[in-house]
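Comments concern the structure below.
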Amino acid sequence: MNIVILGSGGREHALCKKIHLSKKVKKIYSIPGNAGTSDISENINLPLNDFSKIEKFIKDKNIDLIVVGPEQPLVDGIVDYFENKNINIFGPNKIASQLEGSKIFTKKLCEKYNIPSANFGIFESAEKALNFLSKANFPLVVKADGLAAGKGVYICKDLEAAKLGISEIFNGKFGKANNVLVEEFLEGEEMSYFVISDGKTYKKFETAQDHKRVGEGDQGKNTGGMGAYSPSALINEELDKKIINKIIEPTLKGLKDIGTDFKGFLYAGLMIVKNEPYLIEYNVRMGDPECQTILPRLKNDMLDLLLSCCKKDLSKIELNWHEDKSLCVVLCSKGYPENYDNNIEITGLDKIKVSGKKNIYHAGTLKNNNITYSNGGRVLNFSVLSDDLKDARTKAIKMIQELDWNNGYYRKDIGFKAIKD
Ligand code: AMP
Ligand code: GLY
């Protein structure tokens with residue numbers, strides 16, 4: 001079979017590697033891909049927002065399945081576009097993608113189906129929001145509505161911080177704003193919970209914990225994710241049942257009730273407060289770096305799994321997982337998430353030993369004349385399977401030290417809440 005994977009991050013390289021293991025694969029194309037995907041697939045440079053150009057490519061190359069990595073094309077309706085042309089595409093449709101594309105859509109769903117999440121208010125003007133905030137207790141969270149690539153969320157200690165957030169949002173920092181969301185601040189530990197669904201049934205797709213802050217001890221600015229481990233140390237049978245019964249199933253029912261369904265990976269960003277789950281946000285795709293952390297644990301044929309979702313046959317598949325835990329450390333460009341240099345050569349990658357248990361996934365990299373260069377904030381992911389998280393972390397860091405890339409920065413404490421030093 002011929003497969004297209006859309007996206008260029010570590011998540012997409014991890015998907016590409018896993019799909020590449022399937023005997024049914026004839027050829028994979030990555031649009032646009034990175035230096036890592038170019039080793040096992042052909043990178044094609046096409047804009048992800050030009051569906052008709054992608055369609056022409058798909059038809060020319062007899063593509064059997066499109067796998068969508070990032071959220072933007074999903075929110076833009078790429079799945080509806082290709083489903084209407086009877087082309088297999090893995091990901092949710094435009095309406096279901098509102099779970100990530102509109103925080104207000106999700107909040108209203110939570111309200112209607114009693115899904116536990118932070119109390120909230122929606123305000124259509126800065127004046128109304130400020131009027132509310134002048135009487136509110138802090139800390140509070142101020143959020144922009146649409147996609148904001150992990151930004152657009154202000155955790156506010158006081159009224160001053162909230163005023164700044166509201167003025168930046170209404171001044172268009174995250175695109176045109178018709179509303180602002182003000183939320184109660186939830187104090188607890190975050191967890192990423194995944195399910196895969198074909199629109200008829202769903203299966204649990206493991207848990208992970210991500211480290212979003214740039215600095216050790218979870219300090220400093222928010223990033224796309226500096227590392228993750230799986231499974232989450234927080235998960236237990238009772239919590240799992242609560243997440244399914246109070247959050248996942250009511251959400252899928254809510255989509256049915258408005259005449260649609262969910263096909264793809266559903267990623268619930270949860271806050272766990274005293275073994276009670278609260279929904280912070282939904283994403284309609286795999287997480288990054290959670291995907292690079294979870295996929296090495298999966299035993300199944302990835303292509304069969306994705307195709308079963310397109311055929312609405314997921315109920316026939318049993319997911320099997322390695323007993324090992326997994327931990328992933330992200331190597332960034334120095335300066336990320338603020339200013340950093342691109343096009344810095346990376347040498348010695350092929351000298352580092354990888355195996356089924358040790359993987360290197362590329363993110364912001366590109367290849368030119370067989371030389372690999374950095375091309376983004378998050379550059380490489382070092383992901384290790386082991387029965388012990390500390391051992392996995394030690395091995396991941398050893399790979400980074402062997403690489404010894406002089407423009408790199410990484411956190412040495414990934415998994416610290418689950419690892420007793
Ligand atoms: P989001 O873009 O909604 O994932 O928010 C980014 C980050 O802000 C989350 O990963 C949380 O760490 C934090 N956050 C968002 N909403 C809340 C909340 N209501 N209470 C506490 N922290 C929050
Ligand atoms: N790991 C955070 C995200 O993928 O949004």
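The values are calculated or read from the model by the stated rules, or taken from the named source; none is laboratory data. It should be emphasised that the depicted structure is a prediction, and the values quoted were computed from it without experimental measurement. Every residue, glycine as well, gets a Cβ built from its backbone with ideal geometry; the counts of neighbours run over all protein chains shown.
Just to be sure before I move on: is E187 acidic (D, E), part of a loop (DSSP other than H, G, I, E, B), touching a residue at least 12 places away in the same chain (Cβ under 8 Å) and surrounded by fewer than 23 Cβ atoms within 10 Å (Cβ to Cβ) in the structure I sent?
Yes, satisfied.
Those residues that are aliphatic (A, V, I, L, M), more than 16 Å from ligand 1 (Cβ to nearest atom) and not in a loop (DSSP other than H, G, I, E, B), I need them from region 217-240; list them, please.
Of all residues in region 217-240, those aliphatic (A, V, I, L, M) come to 226, 228, 233-235, 239.
With more than 16 Å from ligand 1 (Cβ to nearest atom) added as a condition, the list becomes 233, 235, 239.
Within region 217-240, just L239 meets the criteria.
Sort through K358, K353 and tell me the only one that's at pLDDT below 95 and either closer than 18 Å to K17 by Cα or in contact with a strand residue (DSSP E or B) (Cβ under 7 Å, 6 or more places away or on another chain) (or both).
Details: K358 fails: at pLDDT below 95.
Exactly one residue qualifies, and that residue is K353.
Is region 312-328 home to any residue that is under 27 Å from V4 (Cβ atoms) and within 16 Å of ligand 2 (Cβ to nearest atom)?
yes
Go through region 77-99 and give me each residue that's under 17 Å from the mean Cα position of the chain (by Cα) and either under 16 Å from Y278 (Cα atoms) or surrounded by fewer than 20 Cβ atoms within 10 Å (Cβ to Cβ) (or both).
The answer is L99, and nothing else.
Tell me the residue from S134, S192, S167, S197 that is hydroxyl-bearing (S, T, Y), away from ligand 2 (no atom under 16 Å from the Cβ) and in contact with a Phe, Trp or Tyr (Cβ under 8 Å, 6 or more places away or on another chain), please.
Answer to the check: S197.
May I ask you to list the residues in region 33-47 that are within 18 Å of the chain's Cα centre (by Cα) and more than 17 Å from P289 (Cβ to Cβ)?
Within region 33-47, just G33 meets the criteria.
Output the number of the condition that L164 fails; it satisfies all remaining conditions of (1) among the aliphatic types (A, V, I, L, M); (2) surrounded by 19 or more Cβ atoms within 10 Å (Cβ to Cβ); (3) free of Cβ contacts under 8 Å to residues at least 60 places away in the same chain.
(2)
Which of the following residues is free of Cβ contacts under 8 Å to residues at least 60 places away in the same chain, of a type in the set (A, V, I, L, M, F, W, C) and away from ligand 1 (no atom under 16 Å from the Cβ): I87, I66?
Being free of Cβ contacts under 8 Å to residues at least 60 places away in the same chain, of a type in the set (A, V, I, L, M, F, W, C) and away from ligand 1 (no atom under 16 Å from the Cβ) holds for just one of I87, I66, which is I87.
Conditions: (1) modelled with pLDDT under 90; (2) in contact with a helix residue (DSSP H, G or I) (Cβ under 8 Å, 6 or more places away or on another chain); (3) surrounded by 18 or more Cβ atoms within 10 Å (Cβ to Cβ). V153 meets all but one. Number of the miss?
Failed condition: (2).
Here is a list: G264, G269. Which entry is within 13 Å of ligand 2 (Cβ to nearest atom), under 28 Å from G10 (Cα atoms) and within 14 Å of the chain's Cα centre (by Cα)?
G269
Right, A208: under 21 Å from T394 (Cα atoms), touching a Gly at 6+ places or on another chain (Cβ under 9 Å) and in a strand (DSSP E or B) or not?
In short, yes.
Condition check: in contact with a Ser or Thr (Cβ under 9 Å, 6 or more places away or on another chain) and either farther than 17 Å from E100 by Cα or buried (at least 20 other Cβ atoms within 10 Å of the Cβ) (or both). Does S197 satisfy that?
Considered against the rule, which asks whether it is in contact with a Ser or Thr (Cβ under 9 Å, 6 or more places away or on another chain) and either farther than 17 Å from E100 by Cα or buried (at least 20 other Cβ atoms within 10 Å of the Cβ) (or both), S197 comes out as no.
The conditions are (1) within 13 Å of ligand 1 (Cβ to nearest atom); (2) farther than 24 Å from K325 by Cα; (3) part of a loop (DSSP other than H, G, I, E, B); (4) not acidic (D, E), and L181 fails exactly one of them. Which is it?
Exception for L181: condition (3).
Can you pull out the residues in region 68-84 that are in contact with a helix residue (DSSP H, G or I) (Cβ under 7 Å, 6 or more places away or on another chain) and more than 16 Å from N45 (Cα to Cα)?
Answer for region 68-84, where residues must be in contact with a helix residue (DSSP H, G or I) (Cβ under 7 Å, 6 or more places away or on another chain) and more than 16 Å from N45 (Cα to Cα): E71, V75, I78, Y81.
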